[in-house]
Amino acid sequence: MRWLVTGAAGMLGTDLVQRLTTEHEVRAAGRADVDITDESSVAAAVRDVDVVVNCAAWTAVDDAETQEAEAFTLNAVGPQLLARAARRAGARMVQVSTDYVFDGSATEPYEEDAPLGPASAYGRTKAAGEWAVRAETSDHLIVRTAWLYGAHGGCFPKTMARLAAERDALQVVADQVGQPTWTADVADLVVRLVEAEVDPGTYHATSGGQVSWHGFTQRIVAALGKDPGMVGETTSDAFVRPAPRPAFSVLGHEALGRAGVSPIGDWAERWDAAAPQVLGAR
């Protein structure tokens, strides 16, 4: 099977290419290789592949508030062009999306068909990308993920590890809840979904369970051999950002069950497995 991975130099893209390399033919495309906002560049890249996975995106959540047009070009127009080219080439299109397409006001996990209600510019552009892919090709998988961390790029655990080395105490928000998710697990799930030839539709690629940023930071600190008690609780009001963060980012996994595909394991179990790679020799 021949795969094209756009955004291949990013945290998720790198793990996906590594996961694919031993079993599939994979073309790893960075910005210099494919301009996903240029129709001719996209058409040339997609012409002879079986699967297109779009990991490329505008991910600067706060900057999108003042640069929404630019974020829209990458997060909506790019996926539209990739999906159109995939349809014409007879390839399956996989679009990576986000929990930010929801407003974060729920108290139960968001199911795959829950109404969208993005509260930020970033969320609006990612929701538009989902709609564009669905409109362009029936053979699509929308794979939503959230709270990503990994070995190949900046992420929350690395930031907290650096701060824990510099300070005696940390204050971390306890009123935002989600599912910390290892990019290696998302990459593996994407491959398993495609190999299982699941029905087109939307699937959630997040770890099981749920935890606050405060609770996750305690687990990160423990992995460093430090006292989790050094992590104190605070609220989102103490860290006001240009873009609102969803208070509740827990995604359900019913579609995976219906497709007979195993979900990612519990967030704490997966963090314990990932920590040595993500934190390195700290």
For region 1-104, list the strands (runs of 3 or more DSSP E) that sit wholly inside it and hold at least 1 residues that are in contact with a helix residue (DSSP H, G or I) (Cβ under 7 Å, 6 or more places away or on another chain) and charged (D, E, K, R); which are they? 92-98
Taking the options 214, 204, name whichever one is touching a Lys or Arg at 6+ places or on another chain (Cβ under 6 Å) and of a type outside the set (Phe, Trp, Tyr). 204
Quick test for you: out of 92, 88, pick the one residue that is touching a His at 6+ places or on another chain (Cβ under 8 Å) and in contact (Cβ under 8 Å) with a residue 40 or more places away in the chain. 92
Out of all the residues in region 179-224, which are in a loop (DSSP other than H, G, I, E, B) and either surrounded by fewer than 22 Cβ atoms within 10 Å (Cβ to Cβ) or of a type outside the set (Ser, Thr, Tyr) (or both)? 179, 180, 196, 197, 198, 199, 200, 205, 209, 210, 224
Reported set for region 44-71 where residues are crowded, with 16+ Cβ neighbours inside 10 Å and of a type in the set (Gly, Ala, Ser) is 45, 56, 57, 64, 71
Check off (1) closer than 22 Å to residue 202 by Cα; (2) surrounded by 23 or more Cβ atoms within 10 Å (Cβ to Cβ) for residue 116 and give me the number that stays unchecked. (2)
Working only within region 151-177, note down all residues that are touching a Phe, Trp or Tyr at 6+ places or on another chain (Cβ under 7 Å) and closer than 13 Å to residue 219 by Cα. 156, 157, 172
If you go through region 1-18 one residue at a time, how many are under 18 Å from residue 43 (Cα atoms) and touching a His at 6+ places or on another chain (Cβ under 6 Å)? 1
Could you please tell me which pairs satisfy a Cβ distance under 7 Å, a separation of 6+ or placement on different chains, a first residue in region 149-164 that is under 17 Å from residue 230 (Cβ atoms), and a second residue that is at pLDDT below 95? 161/282
Search region 135-178 for residues being out of contact with any helix residue (DSSP H, G or I) (no Cβ under 8 Å at 6 or more places or on another chain) and in a helix (DSSP H, G or I), and hand back the single one that is nearest to residue 209 (Cα to Cα). 159
State which residue pairs qualify: first residue within 19 Å of residue 71 (Cβ to Cβ) and inside region 32-57, second residue surrounded by fewer than 23 Cβ atoms within 10 Å (Cβ to Cβ) and among the hydroxyl-bearing types (Ser, Thr, Tyr) in any location, beta carbons under 8 Å apart, and separation of 6 or more residues or different chains. 34/41; 35/41; 37/73
Check region 258-269 and report whether any residue there is more than 20 Å from the chain's Cα centre (by Cα) and either among the hydrophobic types (A, V, I, L, M, F, W, C) or assigned to a helix (DSSP H, G or I) (or both). yes
Could you tell me whether any residue of region 144-153 is within 21 Å of residue 259 (Cα to Cα) and not small (Gly, Ala, Ser)? yes
I want to confirm something. Restricting to region 230-282 and keeping residues that are in contact with a Lys or Arg (Cβ under 9 Å, 6 or more places away or on another chain) and among the charged types (D, E, K, R), which single residue is surrounded by the fewest Cβ atoms within 10 Å (Cβ to Cβ)? 272
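The values are calculated or read from the model by the stated rules, or taken from the named source; none is laboratory data. None of the values given here were measured: they were computed from a predicted structure. Neighbour counts are summed over all protein chains in view; Cβ atoms, including those assigned to glycine, are modelled from backbone coordinates with ideal geometry.
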